[in-house]
Amino acid sequence: MAINTLVSSFDHLYIDEISRQSPLAQRLIKHFPQEKITWVNEAPFSSSKGALTAKEFDRSKKNIFVTPFKGQFFKRCPGARPGLSCCNYFVLNWGLQCNMNCSYCYLQSFINTPTLTLYSNLEDALKELESFAPSLKDQPLRVGTGETVDSLSLDPLTLYSHDLIHFFKDYPHWSLEFKTKSAAVDQFLQQEHGGNVVVSWSINPQYIIEREEHGTANLKDRLNAAEKCKARGFRIAFHIDPMIWHPDWKNSYLELVHDLTERFSPHDMPYISVGALRFQPEQRHMMRERFGMNSLVTSAEMFPSNDGKLRYEQSLRKEMFSFLVNAFKNRSTAWNLFLCMETPETWISSTGQLPQKTEGLTDLFDSRLIRKHQSASSSSAKVQP
Amino acid sequence: MEFVPLSSLKKDFYFEPEKPWPKSLPAYGWQNQLLAGFDRKEGSALILNGDLIPLFHQLYPTLSLIELSQTFAIFSKHPETRSHLQEWLEPYGLKFSQRLIQFFEKLQLVSPKILQWCNEKKLRARDLEILNAFSSLNDFNFLIEKLLPYGISKSRGVQLFEVIGELLLMNKKDEVLQIFTINSLDAIEVELKRIRFPLSSEKLTFQKKELANFSWPSHVKPQWIRKGDSTKLKLEMELSSFDDFEKKLKLLSQVNLNMQKEELWP
C-alpha cells in the first residue's frame, strides 16, 4: 500500500508532547498533513474508559496515538497455556491495535484503549532485549513483533524494521520474526541483515481473505512479498492460521497448498504453523456487534475447550489438520508443519506424534529455553535499579 | 441531622425501587433531595450528613438490573454525580464505560416481562451482551416472551436468549417461531441448537442413531453426549456380580471394535 494511501486511511494522528523529538514522531509528521496532526499532553478520547463499544473499537483503528511505553516490552507468547503443546516463542510489542480488520482478531477480546497506539521508545525495548544477552545470547530465542500490532502494515511509516534488523545482527543465534498480513516489505529489503530475520505471513485461501480479513493484502501480494524477501536472503515462514471452516474448505485449502508449493520449496522455510479458528468466549460479543452473523467466524459452530477458548469440535479440527498436513506431505515429505495452541491429543491424532518427537521441530519445543528465560528475567529484575 | 417535611424535598434522584421502603425506617434525604421513601406521600424525612454516593450505597447496598438501569440514567446526568460514576458503580460490581451506557440504553428497550424475569433470576449485565448486537429489540422481545412461560432456569435462559438472538441476526425468525409450537422445553432447546449448530447437531444425531445398531449387553445404556468441544460415549451399567462384570466387559470390547470398524469414534 502506498504511503499516501496508508496515511489517508487514518482520521487523525495524536502525538504525546513527550514524544515530540522521537524518531518515530519525526518520521510520521513528514507524511501526515498538518490538519491531521495534534500534539497532546494526555491520551486522546480520555472520556472513553473501560470496555469499548463496537463503534469505539472501529474508531480506535483510525486514530494513531504516539507515546512512550512504560511496561515490559518482551515476554513469552501469551498463547502458551498449561495443557497445550507450545513452542518457545517470545513477543516484543511496539504498539497496540492494528489498522487492518480481521473478523476473528483476538485484539477484540482485550483492547480497551481508544486509539491505535505506537510506542515512541523502541530504544527501551532494545535495551530490554540486551539485558537478556548475558544469559541467553547463544540460545535459539525466537522473538516476534506481531502480537498486538501487525509487524509490517505500518512499517512504511514507522521504519521500525530497520532498527530491529540492525539490532538482531549482533545476536546471530536469536531470530527476529515479522508476522504480517500486509505486503509491505519494500521499505526494508535493502537493509543488511544477519540472516536471522524471518518474515512470515499469516495466510488463508483468497475466499477467506475477502470475507474475513478486511483491509489486508490479497494472497497473491503476500506470496509475491515473500518471494521478494526470499530473494534478499531473508528467511520466510507461513502461518495457515486460523483455518476457517466453510462449505468448500477442502478445495480452498488444497488450492492454497498448491499456490504455496508451486512457489516455494520446503527448504525455503523451516516450518509452517497451522491453527484452527479459536477465540476467548467474551470475544464473540464484539465480533458479533462489528460483523453481524453473516461472517463465517461469528456463525461458526464453536464449543468451549479445555483451555477455555471456543474452538471447532475436536473431530473437525483433527480432520482439517490431517487434511492440510497430508496435502503438504503428498507434495513432499520434507514439509514441516506444526500446530499452534493445540493439545497433545490433537497433535497425535492429526500428525501421528508430539512435536517434541518430530524431526525439525524439537528445538522449537525445547522447554529448557523457557526455564532459561525465566531465570534470566529474575536476574535482570534484580540488576535493574 | 434533622427531620424536614417530605414536601420540601426535591426528587431529582427518584426511581422505582422494587420493594417499598421499610415502614420501620424513616424516609431519608440528603441536602434538599429525597433519597429513600419515594413511595411515601406525606410525613418527614431524616436528612443525612455526608457524601451523596456513599450514603446512597448504604441505603441501597444492592440494586437489581432494572433499578440499576433507572438509577444509572439519573446518576449519569445529574451534576452532583455524573463525574463520579465509577465510584458509584463499583460497589455494584460494574465499571463505567461507554459500553455500559450502551447496555443500559438497550435495557430500556427490553419488554417489561423479560426484564421482570431477568430481575427475578438476578441476571447481570454480562448475561445480556446479546442485546448490544441489536438496534431494535422488537423481534427479540417477541420471541423471548414466548420462551418465558416454559419456566426456564437462569443458566438455560441466558444460553437460549443468546441462541435465539443469534438466530434472529441470521434472519431465521420464521424457523424459530415454528419451534414454539412444540410443548417441551427440552425439545425446543434441541431444535434451537439444531438450527444454530446444524453440522455438529447432525453429526451427534447420526452418532446417537448408530448406537442402536450395536449389540449392547443387557442393562447397559449407551449415550452420545456433548462435552465442550468433543462428543463422548457415556455408558450406564448395572452389574450384579464379578462374572456379570467380566461378561459385560467382553461384550463391550466387541462393541468397541465394531464401533471402530464403522468409524463411529470421533
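The values are calculated or read from the model by the stated rules, or taken from the named source; none is laboratory data. Computed from a predicted structure; not experimentally measured. Here the Cβ positions follow ideal geometry from the backbone for every residue, glycine too, while neighbour counts run over all protein chains shown. Ligands, DNA and RNA are stripped out before the accessible areas are found, and what is left, the full protein with its side chains, is counted by its heavy atoms. Shrake-Rupley method; radii C 1.70, N 1.55, O 1.52, S 1.80 Å.
Please work out the C-alpha center-to-center distance from region B:1-62 to region A:1-26 and express it in whole Å. Value for the Cα centre distance between the two parts: 53 Å. Out of every Cα-Cα pair that region B:112-196 contains, those further apart than 21 angstrom amount to 21 percent.
Between A:Leu159 and A:Gln21, the distance separating the two model label sites (each 7 Å from Cα on the Cα→Cβ line) works out to 1.9 nm. Along its principal axes, region B:13-113 has C-alpha extents of 39, 33, 21 angstrom, given from the largest down. Sites listed here are chymotrypsin sites (Phe, Trp or Tyr not before Pro) in region B:13-45 whose DSSP assignment is loop and whose Cβ has at most 16 other Cβ atoms within 10 Å: B:Tyr14, B:Phe38. What shape does the protein assembly as shown take by its C-alpha gyration tensor, where a ≥ b ≥ c are the square roots of the eigenvalues and a/c under 1.5 counts as rounded, a/b above b/c as prolate, and the rest as oblate? Because a/c hits 1.5 or more and a/b fails to exceed b/c, the protein assembly as shown counts as oblate. The H on the amide N of A:Glu177, modeled in the peptide plane, is under 5 Å from the matching H of A:Val143, A:Gly144, A:Thr145, A:Val198, each at least 5 residues off or on a different chain. Taking θ as phi - 60° and the Karplus parameters 6.51, -1.76 and 1.60, the scalar couplings of region B:250-259 work out to 5, 5, 5, 4, 5, 4, 4, 5, 5, 5 Hz in sequence order, x denoting glycine and proline.
The translational diffusion coefficient of region B:199-266, from Stokes-Einstein at 20 °C and 1.002 mPa s with a Kirkwood hydrodynamic radius over alpha carbon pairs, comes to 167 µm²/s. By DSSP, the beta bridges lying fully in the protein assembly as shown are antiparallel in about 40 percent of cases. Mind checking the log10 I(q)/I(0) for chain A at q = 0.08 Å⁻¹? Debye, one equal scatterer per Cα, no solvent, two decimals. After summing over all Cα pairs, the log10 values are -0.41. Ordered from highest to lowest accessible area with the whole protein assembly present and a 1.4 Å probe, B:Lys261, B:Lys248 read as B:Lys261, B:Lys248.
Whole-Hz Karplus values for region B:74-89 come out as 7, 5, 6, 10, 5, x, 6, 10, 5, 8, 10, 5, 4, 5, 6, 7 Hz, taken residue by residue from phi with 6.51 cos²θ - 1.76 cosθ + 1.60 and θ = phi - 60°; glycine and proline positions read x. Counting only protein chain heavy atoms and rolling a 1.4 Å probe, the accessible areas of A:Thr38, A:Thr333 rank, largest first, as A:Thr333, A:Thr38. For the options A:Met243, A:Met302, A:Met293, a Gaussian network treatment of chain A with springs between C-alpha atoms closer than 10 Å singles out A:Met293 as fluctuating the most.
Highest GNM mean-square fluctuation, chain A, Cα pairs closer than 10 Å: which of A:Trp201, A:Trp335, A:Trp249? Comparing A:Trp201, A:Trp335, A:Trp249 in the GNM, the peak value goes to A:Trp249.
Evaluating 6.51 cos²θ - 1.76 cosθ + 1.60 at θ = phi - 60° for every residue in region A:205-216, the Karplus couplings come out as x, 4, 4, 6, 4, 5, 7, 10, 10, 5, x, 8 Hz, glycine and proline recorded as x. Electrostatic bookkeeping for A:Phe65 treats Lys and Arg as +1 and Asp and Glu as -1; over the other residues with beta carbon under 11 Å from its beta carbon, the sum is -2.
Taking amide hydrogens as placed 1.01 Å from N in the peptide plane, the amide H of A:Ser120 sits under 5 Å from those of A:Thr67, A:Phe69, each at least 5 positions away in sequence or on another chain. For chain B, modelled as a GNM whose springs connect Cα atoms under 10 angstrom apart, the maximal fluctuation among B:Leu68, B:Leu55, B:Leu131 occurs at B:Leu55. Of interest is the spacing of the C-alpha centroids, which for region A:131-167 and region A:241-303 amounts to 26 Å. Extension gain, B:Ala212 to B:Ile225, is 3.2 nm, computed as 0.36 nm per intervening residue step minus the present C-alpha separation. For A:Trp201, the residues 5 or more places off, or on other chains, whose built amide H falls under 5 Å of its own are A:Thr180, A:Ala237, A:Phe238, A:His239. Applying both filters, DSSP loop and at most 14 other Cβ atoms within 10 Å, to the GluC sites (Glu not before Pro) of region A:245-350 gives A:Glu282.
Beta bridges assigned by DSSP with both partners in region B:1-96 are antiparallel in approximately 60 percent of cases. Under the combined filter of DSSP loop state and at most 10 neighbouring Cβ atoms within 10 Å, region A:179-242 retains these GluC sites (Glu not before Pro): A:Glu192. Heavy-atom accessible area, probed at 1.4 angstrom with all protein chains present, ranks A:Tyr207, A:Tyr271 as A:Tyr207, A:Tyr271, highest first.
Calculate, in whole percent, how much of the Cα-Cα pair population of chain B lies beyond 33 Å. Result for the distance tail: 47 percent.
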